[in-house]
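Coordinate-derived values only; no laboratory data. Values in this document were obtained by computation on a predicted structure and should not be read as measured data. Cβ placement follows ideal geometry from the backbone for every residue including glycine, while neighbour counts extend to all protein chains displayed.
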Amino acid sequence: MVVTLVGAGLGAWWWSRGGDEEPLAGRPWETDLKAGVSYRLPEGWTRDKGDLVNAFTSSIRTGAEGEGEDSGRYGMVLTGRGGAVAESDLKAQTERAARSNAEFFNPDGSAEQTGSEATTVGGHPAHTVVLMMKGEDGETRLRLTVISADAGRSVFLMGLAKPGEGAEQEAADAVLKSAKVL
């Protein structure tokens with residue numbers, strides 16, 4: 001029994017500390033119990049306290065408010081949950097959801113898919129799609145990862161970054177890569 005308790009304690013410690021080589025190693029965890037996911041919170045990012053549309057269960061962000069060269073720069077990650085998605089359907093479902101979100105966040109612009117790859121998140125099958133959205137106010141990068149969490153549910157994390165390259169995009173990507181399914 002002692003061996004089991006020690007093993008469980010070591011497992012919890014190992015999971016909670018994450019890999020030391022991760023870009024966000026040592027940063028605090030943000031947990032979204034509704035979606036069933038945890039992810040690292042980058043320095044300077046905060047959890048949104050406001051209302052979200054029903055599709056999303058949590059949101060974190062950073063952004064330069066105000067005027068000048070940094071006006072309009074931001075990074076954001078939104079999370080949520082959905083119904084079950086079979087591993088064989090992950091690619092099609094993720095690509096469809098990414099296009100739908102691009103239309104929602106950039107209704108008057110265009111979006112070009114720049115990446116689509118199968119992956120895993122904590123041993124769970126997942127798929128990631130990247131779109132570059134172009135509008136009147138520049139480029140915004142959307143990265144969506146849909147995770148087949150179990151037989152009854154899926155979890156998603158969506159990163160948005162403006163401009164489409166740079167610190168905001170790198171931080172949003174690092175958040176998605178740090179995700180752990182609960």
Around Arg141, under 11 Å between beta carbons, what's the net of Lys plus Arg minus Asp minus Glu among the other residues?
-3
Phi-derived 3J(HN,Hα) across segment 151-167 with the Karplus relation (6.51, -1.76, 1.60, θ = phi - 60°), rounded Hz, x for Gly and Pro, is 5, x, 7, 10, 10, 10, 10, 10, x, 10, 9, 10, x, x, 9, x, 4
Cβ under 11 Å from Leu41's Cβ, Leu41 left aside: what net charge do those residues give with Lys, Arg +1 and Asp, Glu -1?
+2
Considering every Cα-Cα pair within segment 54-182, what fraction, in whole percent, is farther apart than 19 Å?
46 percent
For segment 80-142, compute Rh as the Kirkwood radius over C-alpha pairs and then the Stokes-Einstein diffusion coefficient at 20 °C and 1.002 mPa s; write the answer in µm²/s, rounded to an integer.
171 µm²/s
Segments 79-88, 154-163, 120-129, 49-58 sorted - mean Cβ within 10 Å per residue, highest first:
154-163, 120-129, 79-88, 49-58
With a sphere of radius 15 Å drawn around the Cβ of Ser88, what net charge do the other residues whose Cβ falls strictly inside it have (Lys, Arg +1; Asp, Glu -1)?
-1
